[in-house]
Amino acid sequence: MSSVKTYETPGTLAEVLDLLAQHSREARLIAGGTDLLLELERGQRRDTAVLIDITRVPGLSEIMQDEQGNIHLGPLVTHNQVVASNLIVRHAFPLAQASWEVASPQLRNRATVAGNLITASPANDTISPLRALQASVTLASAARGRRVIPLADFYTGVRKTVMAADEMLLDISFAPLPPNARGTFVKLGLRGSQAISVVHETVLLEYAPDGETISQAWLTLGSVAPVIINAAAAESYLMGRRLSEEVIAEAARLAADVATPIDDIRGTAAYRREMVRVMTSRALRNLRDGQERAHWPQDPAMLWGKTGGHYPTGPAYAGHFNVGSDIQSTVNGRVMTALVEPQQTLLRWLRERGLLTGTKEGCAEGECGACTVFLDGMAVMSCLVPAARAHGAEIVTIEGLAAWPQAHDAGLHPLQQAFIDTNAVQCGYCIPGFLMSGAKLLQEEAHPDAAQIEQAFNGNLCRCTGYYKIVEAVEKAALQMASAAPQEG
Ligand SMILES: Cc1cc2nc3c(=O)[nH]c(=O)nc-3n(C[C@H](O)[C@H](O)[C@H](O)COP(=O)(O)OP(=O)(O)OC[C@H]3O[C@@H](n4cnc5c(N)ncnc54)[C@H](O)[C@@H]3O)c2cc1C
Ligand code: FES
Ligand code: FES
């Protein structure tokens, strides 16, 4: 069982900083929890006795541009919010690409960019684009106020930063790409999604007025050194040159030279170094040929329904929970009050306290999607949500899907009926998760195309069916729901 004894949910920023000052080394802030819960589970944070949940503090999940034109991300900005932000897609495209490559839609609905930076793994995807964008972070503590640190000076080693124990990351800021600059993020993982980077890289190029000669270049590499590094020799080589095949080859060679990767289960050092050469060539060619946006999804599946990616916040949701506390949540439309342990997951609370065993535990690590539920309208992996976060929240589980707005008169959601009609179920273990992801997609997109269905199920694994019948069921349910929908007058 964990070291965590107390779960604090402050309703204001001042309370967060006071709690950090009060508890210092024995406290950790928790945002999406998608790194921290697993570290606690694996015994990597034995000194953590207090979790401070910042997700109910108002005003921390905004993406905005200030009068000087700089872009700011609040500490609760999730990867899905970055993907959906026109401002970021237009003016910091590599960051949008990196966030899109993080995990799955359910995880991206909770996981924050700030958490990605602070975990400080060199494999964390948003660090290379934010380094290339020359971002800065603002840290705040009750005792010493605020300080701004260039991201280039934030890391001191693998999973190590300059942040003090009583500090909170309050803001990530960077200048938008100027009109004569273009950039791209490339990732190599062992599978198409839900993959930790074997190598990731961001290439930003600023062009001279002729539109072809490079006046400035930034190449930042991830997963090939203890921290994100610049391929400085390649950057200076590119300046003043145009992207001929020879120039691309030489820049790629120089980039590979600077990598100092390790051997691990995902790849050997030699493989990683060779992949830096290949990925740098690809990125430079894409930029030269204007292809960097060719595969950007038009209407990506977010699985956040009509929420726009924002959770309810404010003092009404504040709480202080320790061993023996109850939380109160609305589950499938009914108020449920039940005991919570400070480090219990929402999945376990629903199953063990709520006896709602329809939501399954497959991997308990955010990898399989079997535990998908709706938290305040967004599909999330309940195995990676702290149970105490459910206090004051609206939860829908698979048991509640039939009572959902589009339920069938036979008491089934059209998608449940379609799964039956298309024989999309075999052992059934993964099906609750697929139904929840599929129903959320259909709430978002009345007629999802094949790409959106695939994106929606990126976080759901099935070991039996081969997915074809599941996709067919979504298409069938979409047609059925469209025909049942009141015709526009
Ligand atoms: C199945 C799975 C797949 C994943 N795939 C990817 C991937 O493809 N690419 C990738 O980069 N990552 C991936 N991750 C890692 C993780 O999802 C990301 O790093 C995520 O961005 C972390 O954000 P979070 O809000 O969940 O952080 P949390 O877990 O809440 O926090 C992370 C750390 O930051 C601290 N912290 C958080 N916010 C603040 C703050 N404002 N001030 C001070 N400290 C703070 C916490 O104390 C903790 O130490 C994956 C994780 C899982 C479980
Ligand atoms: S993703 Fe939660 S149990 Fe697998
Ligand atoms: S039906 Fe068995 S895992 Fe999907």
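The values are calculated or read from the model by the stated rules, or taken from the named source; none is laboratory data. Quick caveat, the model's predicted, so the values are computed rather than measured. Using ideal geometry, Cβ is built from the backbone for each residue, glycine included, and neighbour counts are taken over all protein chains shown.
Look through region 20-44, keep the residues that are surrounded by 23 or more Cβ atoms within 10 Å (Cβ to Cβ) and in contact with an Asp or Glu (Cβ under 7 Å, 6 or more places away or on another chain), and return whichever of them is nearest to Q343 (Cα to Cα). Result: I30. Every condition in (1) within 19 Å of L73 (Cα to Cα); (2) at pLDDT below 95; (3) among the polar types (S, T, N, Q) holds for S193 except the one numbered (1). Among the residues of region 431-468, those that are assigned to a loop (DSSP other than H, G, I, E, B) and in contact with a Ser or Thr (Cβ under 8 Å, 6 or more places away or on another chain) comprise F457, N458, G459, N460.
The numbered conditions (1) farther than 27 Å from N458 by Cβ; (2) touching a residue at least 40 places away in the same chain (Cβ under 8 Å); (3) not aliphatic (A, V, I, L, M) are all true for N180 except (2). Filter region 29-81 down to the residues that are within 16 Å of ligand 2 (Cβ to nearest atom) and in contact with a strand residue (DSSP E or B) (Cβ under 6 Å, 6 or more places away or on another chain), then identify the one that is nearest to A456 (Cα to Cα). The extreme case among them is G32. Just for region 105-129: of the residues that are outside any loop (DSSP other than H, G, I, E, B) and within 16 Å of ligand 2 (Cβ to nearest atom), which one is nearest to L204 (Cα to Cα)? Ranking the candidates gives R108 first. Counting only residues that are more than 14 Å from V323 (Cβ to Cβ) and of a type in the set (S, T, Y), region 1-27 holds 3 of them. Per the listing R285, R273, the residue uniquely among the charged types (D, E, K, R) and within 18 Å of G189 (Cα to Cα) is R273. For region 385-405, a residue qualifies if it is within 17 Å of Q343 (Cα to Cα) and assigned to a strand (DSSP E or B), and exactly one does: P386. Of the residues making up region 127-156, those that are closer than 27 Å to L19 by Cβ and of a type in the set (S, T, N, Q) are S136, T138, S141, T156.
Out of A393, A424, one residue alone is at pLDDT 95 or above, within 27 Å of D35 (Cβ to Cβ) and away from ligand 1 (no atom under 16 Å from the Cβ). It is A393.
Looking only at residues of region 89-106 that are in contact with a strand residue (DSSP E or B) (Cβ under 8 Å, 6 or more places away or on another chain) and surrounded by fewer than 24 Cβ atoms within 10 Å (Cβ to Cβ), we find that the one that is farthest from T34 (Cα to Cα) is H91.
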